[in-house]
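Working notes, structure below.
The values are calculated or read from the model by the stated rules, or taken from the named source; none is laboratory data. Keep in mind that this is a model prediction, so the values were computed, not measured. Every residue, glycine as well, gets a Cβ built from its backbone with ideal geometry; the counts of neighbours run over all protein chains shown.
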């Protein structure tokens, strides 16, 4: 499969070219259009148990789409639900990535997606929930963000602090801990930051420029409240 990003910026799509017999997996509802040679199927990644864990524990949709070039080569157009950027990269079969629940858009049929349970403190305080997605294998992976996406490359033992609501994905080679944004509880919450993630390299961290929760709070102030 070959992919290219169309209309880079706030409202991109990704065009995926499939050879005859090739297929990709994508987030349910991600397809915008496709060649008539493409078949669309629903698939429970990891079987019933894996699908249930994603739906009930991470908030991900129950099914993935499988898009297959069943009757010859063709193309598929995919787009995320929220405005933001798309990033493409290749999994090498060695490195794994941890992805927050809304970050996965699509990937090669050969990649593996499973739910990973976090510790109690990370689940309660980290912003991603108790479960995140662990993605491994070999092939192309396509992620999306809310807002612009920024890549941070960390050298061994180099640290970087990220507001947890801005996390998209990070390589499994990094370690991270949850901590207060400020030294005191009051200043942590009055600063608007609350808790942050302290990452330590080596590895890469992808962050998004917008905070989904903050945007939701901004929208709610314009919604009339019935009495």
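When the residues of region 96-112 are narrowed to those that are out of contact with any helix residue (DSSP H, G or I) (no Cβ under 6 Å at 6 or more places or on another chain) and modelled with pLDDT under 90, which ends up surrounded by the fewest Cβ atoms within 10 Å (Cβ to Cβ)? Looking at the filtered set, the residue picked out is 102.
The strands (runs of 3 or more DSSP E) found entirely in region 128-170 that carry 1 or more residues being in contact with a helix residue (DSSP H, G or I) (Cβ under 8 Å, 6 or more places away or on another chain) and within 22 Å of residue 88 (Cα to Cα) are 131-136. Total residues in region 171-196 satisfying the condition of being part of a strand (DSSP E or B) and either on the phi > 0 side of the Ramachandran plot or modelled with pLDDT under 90 (or both): the figure is 7.
Scanning region 14-30 for residues that are touching a residue at least 60 places away in the same chain (Cβ under 8 Å) and surrounded by fewer than 17 Cβ atoms within 10 Å (Cβ to Cβ) yields a single hit, 15. Of the strands (runs of 3 or more DSSP E) lying entirely inside region 1-44, those containing at least 1 residues that are more than 15 Å from residue 110 (Cβ to Cβ) and at pLDDT 95 or above span 2-6, 13-18, 31-34, 38-43. Taken across region 64-86, residues that are at pLDDT below 90, assigned to a helix (DSSP H, G or I), in contact with a strand residue (DSSP E or B) (Cβ under 8 Å, 6 or more places away or on another chain) and over 22 Å from residue 167 (Cα atoms) do not occur at all.
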